[in-house]
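Data block below; observations after.
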Amino acid sequence: MCILCYGLTGEEHWSDARVGAESTSSVRARRRALLTTIMAAQGLRYSDDPTGVTSLISDRKGKVQIARSLGEVWAAAEALVKHPLDPLEPALL
């Protein structure tokens, strides 16, 4: 599947729901900042497209995993570091 079609098949994650008058871009910016911090703690880099549909997770060696939803980000990160990640790791809390 080409990257254009891959991007068009994205799905909205439940955490994309807005609360009150908060803009969609504000929600995505907050999520982006949080994921950037979490991935950096594992030696990974997180980035996403402006629509928030496709995310890229990369390691320091240049390997890249594509995640088309927030639900796929964690699995992509684990595939790169080759071990399970602990979401309750004390360094992240």
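No lab work stands behind these numbers, since they all come straight from the coordinates. Bear in mind that the values here come from a model prediction, so they are computed numbers and not experimental data. So basically every Cβ, Gly included, is an ideal-geometry build from the backbone, and we count neighbours across all protein chains shown.
Per-structure values
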read-out	value
Estimated inter-spin distance, Lys61 and Arg28, nm [label 7 Å along Cα→Cβ]	3.2 nm
Neighbour net charge for Asp48 - beta-carbon separation under 9 angstrom, K R +1, D E -1	+2
Residue-by-residue Karplus 3J(HN,Hα) for region 62-74, coefficients 6.51, -1.76, 1.60, Hz, glycine and proline x	x, 6, 10, 10, 9, 10, 9, 8, 4, x, 8, 4, 5
Counted charge near Lys82, where neighbours are those whose Cβ lies closer than 11 Å (Asp, Glu -1; Lys, Arg +1)	-1
Percent of C-alpha pairs per 5 Å bin, region 29-83, short to long	4, 22, 37, 26, 10, 1
Relative packing of 61-68, 37-44, 19-26, which averages over residues the other C-beta atoms within 10 Å, highest first	37-44, 61-68, 19-26
